[in-house]
Amino acid sequence: AVGGGGMDEGNSSDDSDNEIHNDDEMDDELSVFTASQYNDGERIVIGNQSKFLTTSMMLRLFSAGVKPPGEGMRVIYVDGAFDMFHCGHVRFLEETAKRGDYLIVGIHGDSLVNKRRGSNLPLMNLHERVLSVLGCKYVNDVLIDAPLAITQEMIASLKISEVVHGTESDDIGAIDERYKYPREVGMLTAIKSPID
């Protein structure tokens, strides 16, 4: 048994119970370390990074009822950081969802958001942002750690009919390369971003 020294061989059922128990303890320990960083063998907590720990159960609860798009459904794709999810995001996603039958929201990873927005952004980590968007009734599915550039392969894989972006963004990078392919094939639409 893992860490089960002192158990005799004649008590194998206790041994397996002990194994499961110790594996659970190990998982708990690993979960704590996901919000930490190591420096010279010492564990240190990263700056102002969120301490929110996402479990597979949490993801299952938030994604309950998520189904793939049906045959012939018009799939709409929009991407972004969706940091500090607010009513402006909800109104934007509501308008975007009206353009089709199935809305997929791509959520960019923490390092990509920080690179493009700077400062200490995002304030919420990727898991928090994914759960916030998954909780929105207008969203059918979420692409976790979405790529910046939308490619032909991605559009084919997700069966995207239209790519949407807002007119306002905190993104300091140019959108030309990001939406190059959808623009070239006439699949890109800009929707006026709500101002709060």
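Values in this text are rule-based calculations from the coordinates and carry no lab data. What you are looking at is a predicted structure, and each value in this text was computed from that prediction instead of being measured. Here the Cβ positions follow ideal geometry from the backbone for every residue, glycine too, while neighbour counts run over all protein chains shown.
Distance between the 7 Å Cα→Cβ label points at Lys115 and Lys67: 3.8 nm. Taking other residues whose beta carbon is less than 9 angstrom from the beta carbon of Ile150, and scoring Lys, Arg as +1 and Asp, Glu as -1, yields +1.
Label-to-label distance, Ala190 versus Asp101, with points set 7 angstrom from Cα along the beta-carbon direction: 3.0 nm. Computed across the stretch 48-130, the Kirkwood radius stands at 14.4 Å (inverse of mean 1/r, all Cα pairs). Annotation: lysines with alpha-carbon distance below 29 angstrom to Lys115 (same-chain offsets under eight excluded): Lys51, Lys159, Lys180, Lys192.
Extending 7 Å from the Cα toward the beta-carbon at both Tyr138 and Ala156 defines two label points whose distance is 3.1 nm.
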